[in-house]
Amino acid sequence: RLTIKGYFCIIASAVIFGCMPLGVKLIYAEGVNSLSMVLLRNFLPLPFLALLAVRGGGSLKLPKGALKETALIALFSGCLTASLLFSSYNYISSGTATVFHFIYPAATVLGSALFLREKIGRGPMICILICTAGIALFYDPADPIDPRGSALALLSGITYATYILLLSRYHYKDMSGFKLSFYVCLFTSIFLFMVGFCTNQLIFPCSVRGWTLAFFVACAISVGAVVLFQHGTFLIGGQRAAILSTFEPITSLVVGAIVFHEVIGARTLIGSFLVVLAAIMIAVFDMRDAK
């Protein structure tokens, strides 16, 4: 039952993340840049997360010794990953960057074996190969590839894989997910504000509509998607969480087709099928192992 709950949390998180480009595009139309958007995403939900954390755990005080691990999770998830990925958009298209970024499922499995000494079964290895092949088919050969942008996007995938591995070995899993998300958002907000202030890149919405959209998008991600992903990773581990989270680009494609009438080609359909197949297979292998 815990495994099924973990599957649900990760897939629900991926669906929320996949729907967010719609809201982000509307906020960008207000003149907001990518760095400011990530800052708002982490800063605006802080009061809401604090309230939920206090109601769920009674206090915002971190357990003794949790500060270092929590700060590391914030560094690799909100700070490094977001900064690297959005910086890559200056050199390559967001679609190409997403393909390179989604090296993280393979990097997570490889990191589990190399650094955490976790055994990689034949089933997860087959799933990761199928999943990687599916994501690779999302790439449009007509898009130019710049070495700098490609390197930044690949590094963002590696830092996100590091975040997943740190999360899977977090020693304070009994702590409220809202409290963990609160501190991750707090540390990330401080870091991004310092970067934006020093580089003069802070551009905020210029209307009430823009601030309202930013607030709802921020809460959907930081209160919904992030908390679900953290909880799901605690339940099923980093390897499975990384594979199932590839539902995110599929959701983005569906949203793009429905809302923006974007055409989904044959390569993309085959890639989506392979990603879904990998997710089904990981569940089948888990049930077989359970029996």
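The values are calculated or read from the model by the stated rules, or taken from the named source; none is laboratory data. It should be emphasised that the depicted structure is a prediction, and the values quoted were computed from it without experimental measurement. Please note: Cβ atoms are built from the backbone with ideal geometry, for glycine as well, and neighbour counts cover all protein chains shown. Surface accessibility is based on the protein's heavy atoms, side chains included, excluding ligands, DNA and RNA. Shrake-Rupley method; radii C 1.70, N 1.55, O 1.52, S 1.80 Å.
Gyration tensor analysis over the Cα atoms of segment 45-108 returns equivalent ellipsoid semi-axes of 32, 15, 11 Å (largest first, whole Å). In the chain, taking the dipole from charged Cβ atoms about the Cα centre, the farthest positive-side position among Tyr28, Val184, Thr159 is held by Val184. When the solvent-accessible area of segment 225-265 is split by element, carbon and sulfur atoms take up 68 percent of it, the probe being 1.4 Å.
Is the shape of segment 200-288 rounded, prolate or oblate, going by the alpha carbon gyration tensor and its root eigenvalues a ≥ b ≥ c, with a/c under 1.5 for rounded and a/b larger than b/c for prolate? Note, shape of segment 200-288 comes out oblate. Could you work out what % of the accessible surface of segment 27-66 is carbon and sulfur, using a 1.4 angstrom probe and leaving DNA, RNA and ligands out of the count? Of all accessible area on segment 27-66, carbon and sulfur atoms account for 65 percent.
Can you give me the span-like helices of the chain, meaning DSSP H runs with 27 Å or more of Cα extent along the axis and Kyte-Doolittle mean at or above -0.5? Working shown, then result.
Details: long enough: 2-28 (39 Å, 1.62); 147-168 (31 Å, 1.09); 177-199 (32 Å, 1.70); 266-290 (36 Å, 1.52).
Membrane-span-like by this rule: 2-28, 147-168, 177-199, 266-290.
Can you bin segment 1-121 into rounded, prolate or oblate? Criterion: square roots of the alpha carbon gyration tensor eigenvalues sorted a ≥ b ≥ c, rounded for a/c under 1.5, prolate for a/b above b/c, oblate for the rest. Judged from the Cα gyration tensor, segment 1-121 comes out oblate (a/c at least 1.5, b/c at or above a/b). The charge dipole of segment 181-291, taken about the Cα centre with unit charges on the Cβ atoms of Lys, Arg (+1) and Asp, Glu (-1), comes to about 60 debye, rounded to the nearest 20.
Taking only DSSP H segments of four or more residues, each worth -39500 (n - 2.57), what value at 222 nm results for the chain once the sum is divided by all its residues, to the nearest 500 deg cm²/dmol?
On the way: 15 runs with 213 residues, N = 291.
The helix-only estimate for the chain comes to -23500 deg cm²/dmol at 222 nm.
Net charge dipole, the chain: roughly 940 debye, given to the nearest 20, about the Cα centre with Cβ charges of +1 for Lys and Arg and -1 for Asp and Glu. Residues of segment 186-204 with an amide N closer than 17 Å to a point placed 7 Å from the Cα of Asn90 along the Cα-to-Cβ direction: 192-203. With all protein chains kept in place, the per residue accessible area of the chain amounts to 49 square angstrom at a probe of 1.4 angstrom.
Simple spin-label estimate for Arg288 and Asp146 gives 4.5 nm between the two label positions (7 Å along the Cα-to-Cβ direction from each Cα).
Compactness ratio for the chain: Cα radius of gyration over 2.2 N^0.38 Å (N = residue count) comes to 0.97. Taking only the alpha carbons of segment 138-211, we obtain Rg and Dmax values of 17.6, 48 Å in that order. Label separation (Phe8 vs Lys64): 3.7 nm, computed from points 7 Å beyond Cα along the C-beta direction.
Note on segment 1-60: Cα convex hull, mean projected area over all directions, 5.7 nm².
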